[in-house]
1. Which one of 51, 32 is of a type outside the set (A, V, I, L, M, F, W, C), assigned to a helix (DSSP H, G or I) and touching a residue at least 12 places away in the same chain (Cβ under 8 Å)?
2. Checking residue 1 against (1) open to solvent by 100 Å² or more (accessible area, probe 1.4 Å); (2) part of a helix (DSSP H, G or I), only one condition comes out false. Which one?
3. Consider segment 69-114. How many of its residues are under 30 Å from residue 47 (Cα atoms) and acidic (Asp, Glu)?
4. How many residues are at pLDDT 85 or above and surrounded by 10 or more Cβ atoms within 10 Å (Cβ to Cβ) when one looks only at segment 56-105?
5. Tally up the residues in segment 54-83 that are of a type in the set (Gly, Ala, Ser) and in a helix (DSSP H, G or I), please.
6. Quick check on this structure: which one of 52, 9 is out of contact with any helix residue (DSSP H, G or I) (no Cβ under 9 Å at 6 or more places or on another chain) and either of a type in the set (Ser, Thr, Tyr) or open to solvent by less than 80 Å² (accessible area, probe 1.4 Å) (or both)?
7. Given the criteria modelled with pLDDT of 90 or more, of a type in the set (Val, Ile, Thr) and open to solvent by less than 90 Å² (accessible area, probe 1.4 Å), does residue 108 qualify?
8. Residue 35 - would you say it is more than 21 Å from the chain's Cα centre (by Cα), on the phi > 0 side of the Ramachandran plot and exposed (fewer than 10 other Cβ atoms within 10 Å of the Cβ)?
Amino acid sequence: MKAEDRVKIYNRIFKYVFWLLLLTFLTLYFSQSTGYYEFKQQKKVIYTAEQIKKFEADVASGKDVHIEDYMESTNKDYSNKASDIGLSFSETLGNIVKSGIEGFFDSINKMVEE
């Protein structure tokens, strides 16, 4: 490979990395300057205050109180079409491999028994 080709490759890599870093910086800068993070934190504070009021009202009225009723659900559902297809493919492949291994060991078992 010629030195000129290497320089072209390095320049191309540098350009892509530079643009990626610039885009990342601009995204973070604008999210910070528009107050996106503070807005998200404020929503959490408001939710917590509402849940505290709800808890206090339930305790005052003598209801049966469980912590799960006042906590935000932390279980996120990441399922989508791609993950469902991947799961079904994985299960199918697992069943094929399992039947192949069982068949292999069954044939070895028959050879040993004979």
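1. Numbers: 32 fails: touching a residue at least 12 places away in the same chain (Cβ under 8 Å).
Of 51, 32, the one residue that is of a type outside the set (A, V, I, L, M, F, W, C), assigned to a helix (DSSP H, G or I) and touching a residue at least 12 places away in the same chain (Cβ under 8 Å) is 51.
2. (2)
3. The qualifying residues number 3.
4. Residues in segment 56-105 being at pLDDT 85 or above and surrounded by 10 or more Cβ atoms within 10 Å (Cβ to Cβ): 28 in total.
5. 5
6. 9
7. Criteria met by residue 108.
8. no
The values are calculated or read from the model by the stated rules, or taken from the named source; none is laboratory data. For clarity, every value in this text was computed on a predicted model and none was experimentally measured. Methodologically, a virtual Cβ is constructed for each residue, glycine included, from the backbone with ideal geometry; neighbour enumeration extends over all protein chains shown. Surface areas here come from the heavy atoms of the whole protein model, side chains and all, with no ligands, DNA or RNA. Shrake-Rupley method; radii C 1.70, N 1.55, O 1.52, S 1.80 Å.
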